Structure formats: structure tokens, C-alpha cells
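Notes follow the structure.
The values are calculated or read from the model by the stated rules, or taken from the named source; none is laboratory data. Treat the numbers as computed from the prediction; the structure is a model and nothing was measured. Methodologically, a virtual Cβ is constructed for each residue, glycine included, from the backbone with ideal geometry; neighbour enumeration extends over all protein chains shown.
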Amino acid sequence: MTSATCAAPPVVDLRGVARTYQGPSPVTALHPVELRIGVGEHVAIIGPSGSGKSTLMNLIGLLDRPTAGTYLMDGVDTSQISERDRTALRGHRIGFVFQAFHLMPHRSCVENVMLAQLYTSRRPKATRRANAIEALVQVGLGHRLEAHPGTLSGGERQRVAIARAIVNRPKLLLADEPTGNLDSSMAHSVLDILDNLIADGLTLLVITHDATVAARARRTVRIADGRLTETQTGATGAG
Ligand SMILES: Nc1ncnc2c1ncn2[C@@H]1O[C@H](COP(=O)(O)OP(=O)(O)O)[C@@H](O)[C@H]1O
Ligand SMILES: [Mg+2]
């Protein structure tokens, strides 16, 4: 495992993955896509409402299954494994950040982040607490550990949600409109935190309709009517 990073499989490898919702008039929300996201990449998916962004995120996040194609997550063929193993893969390797922060209002920041480890870690409570504190320090909230979410700004709440998403040390962070509820200065502080996480080796996929959020990413993938088109932006360092 020492110098094998170049040969590491992509974190996300979609091969002809498609999703059709069944019903009286079936909707093909995602046409067959090819998408590979390597370790440590920062990719933005941008598209208007109804274009298939959530469909794609749910597939990549193992919350839904494709109706065609193959999805290799971190080299694991996710169509070949049990529901239980999919849940384990999701819990250990994927973190989620949503537009709404979904924090427990009557729990402190530390408790909110500790809760995310309940089903993924058999470690003792003191270890879970230490991990939670470490994650909160990483997002710049080491001074608000015992605060309740209601006393925090929107940007701080989203940072608690990010700490919760990274506490299990996922490889992939999926963020669906992470700044959608924030004014622009708070949005920038949250995007700065996400940039720092990439510097630490996390792979980040941000879903957004906001061009300024997408502009932070090295790769931008556009989605329209369930079809992807990719534009390469900025410096390309990862070959
Ligand atoms: N569970 C579902 N059943 C039927 N159609 C759906 C379902 N979820 C989404 N759709 C349709 O699939 C398309 C893409 O939706 P979605 O992925 O939610 O787009 P976005 O997140 O970009 O707004 C839309 O036409 C939507 O109406
Ligand atoms: Mg959506």
C-alpha cells in the first residue's frame, strides 16, 4: 500500500450508469453516463432544477441503484454486494453534506458529530468524543464544542454538518448545494473549509446550480436533461 497511489482505482467509476424511474410514464432521469473521479479530485456538477443532479448524487452515494450500467466505488463493484455491505461502504467511505444542515437542535456540536459514529464505530464513547472534537477543530469550531446549533450562525451550522460528514474519515464527500442557505460571506468560509479538506486528501463532489461555487472546482461537469458534458477548467495537475 506504500507507493501504490498512482495505481489506486478511481473513487467513483460509473460505467454506462443510467436511472429510469418506473411508473405509468417512466422517466429516464439519467441517460447512460461515464464518469470517473480520482482520489483527491474536486469535481462540481452543475445543472438546472430537474436536470438529474439528485438522481446522480443518490446513485453515487449508494442511496439508490442504477437501472443500467456498473458503479465501481473505490474499486468495489457495488452491484455485486449485499445491501448490508452497501450500507457499510456508504457509512465508512462516503460523507454527505446537504443544503439544510439537519442538526439535532437539542444536542451540542460535539454530540451532533458523535451521533454520526454510532453505527460506524464500536469505539468507546471517549474515543468517539475525541474524534468529534478533532473534526470540529478541523472545521474551525474548536471554540464552540458545547454550543447548541440554535446559537450558531448559518455558516457555523454548516461547518458542524461538515465535521459530522468527515468524522468517520470518508474518502468521498458528497455535498448537495452546501451553500444554498448561506449568504455569500458565509458561503465563502464554508467553501474555504471544503478546499482545506481536499488539501488533506479527501475527494469532493459538489452539486450546485451556482456558478461561483462550481468555479472553485478543478473539474466541472454539466448536467442537462440527464446527460453529462464535461468542461475542463483551471489548472490541471492530476494528469
Ligand atoms: N422518484 C422519482 N420518480 C419519478 N420521477 C422522478 C423521481 N425523482 C426524480 N424524478 C424526475 O427525474 C428528473 C430529475 O430529477 P432530480 O434528479 O431530482 O433533478 P435535480 O436534482 O437536478 O433537480 C426530474 O424530471 C424529476 O421529476
Ligand atoms: Mg435536486
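Numbers for the structure displayed
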| quantity | calculated |
| --- | --- |
| Members of the stretch 173-191 that are surrounded by fewer than 22 Cβ atoms within 10 Å (Cβ to Cβ) and either modelled with pLDDT of 95 or more or within 14 Å of the chain's Cα centre (by Cα) (or both) | ASP176, GLU177, LEU191 |
| Wholly within the stretch 138-239, helices (runs of 4 or more DSSP H) carrying at least 1 residues that are within 16 Å of ligand 1 (Cβ to nearest atom), touching a helix residue (DSSP H, G or I) at 6+ places or on another chain (Cβ under 9 Å) and not polar (S, T, N, Q) | 211-214 |
| Residue in the stretch 9-52 that is nearest to ligand 2 (Cβ to nearest atom), counting only those that are among the charged types (D, E, K, R) and over 13 Å from the mean Cα position of the chain (by Cα) | ARG19 |
| Some residue of the stretch 147-157 being of a type in the set (S, T, N, Q) and touching a residue at least 40 places away in the same chain (Cβ under 8 Å) | no |
| In the stretch 64-95, the residues that are hydrophobic (A, V, I, L, M, F, W, C), touching a strand residue (DSSP E or B) at 6+ places or on another chain (Cβ under 9 Å) and surrounded by fewer than 20 Cβ atoms within 10 Å (Cβ to Cβ) | ALA68, LEU72, LEU89 |
| Residue check, ALA8 surrounded by fewer than 19 Cβ atoms within 10 Å (Cβ to Cβ), at pLDDT 95 or above and hydrophobic (A, V, I, L, M, F, W, C) | no |
| Residue list for the stretch 48-65, filter: closer than 12 Å to THR20 by Cα and of a type in the set (Ser, Thr, Tyr) | THR55 |
| For ALA132: the one exception among (1) touching a residue at least 24 places away in the same chain (Cβ under 8 Å); (2) crowded, with 21+ Cβ neighbours inside 10 Å; (3) more than 20 Å from the chain's Cα centre (by Cα) | (3) |
| Test: residue in the stretch 143-151 that is within 19 Å of the chain's Cα centre (by Cα) and at negative phi | no |
| Hits in the stretch 16-61 (condition: surrounded by 17 or more Cβ atoms within 10 Å (Cβ to Cβ), more than 18 Å from ARG218 (Cβ to Cβ), within 10 Å of ligand 1 (Cβ to nearest atom) and among the aliphatic types (A, V, I, L, M)) | ALA29, LEU30, LEU56, MET57, LEU59 |
| Condition met for THR67 (closer than 17 Å to ALA175 by Cβ and either within 16 Å of ligand 2 (Cβ to nearest atom) or touching a residue at least 12 places away in the same chain (Cβ under 8 Å) (or both)) | no |
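Table: residues versus (1) closer than 22 Å to ILE193 by Cβ; (2) at pLDDT 95 or above.
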residue	(1), (2)
PHE98	yes, no
PHE101	yes, no
CYS109	yes, yes
ASN112	yes, yes
LYS125	no, no
ILE133	yes, yes
LEU136	yes, yes
VAL139	yes, yes
LEU145	yes, yes
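Every residue, every condition in (1) in contact (Cβ under 8 Å) with a residue 40 or more places away in the chain; (2) among the polar types (S, T, N, Q), yes or no:
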site: ILE37; (1), (2): yes, no
site: ILE46; (1), (2): yes, no
site: MET73; (1), (2): yes, no
site: THR78; (1), (2): no, yes
site: ILE81; (1), (2): no, no
site: HIS92; (1), (2): yes, no
site: PHE98; (1), (2): yes, no
site: VAL113; (1), (2): yes, no
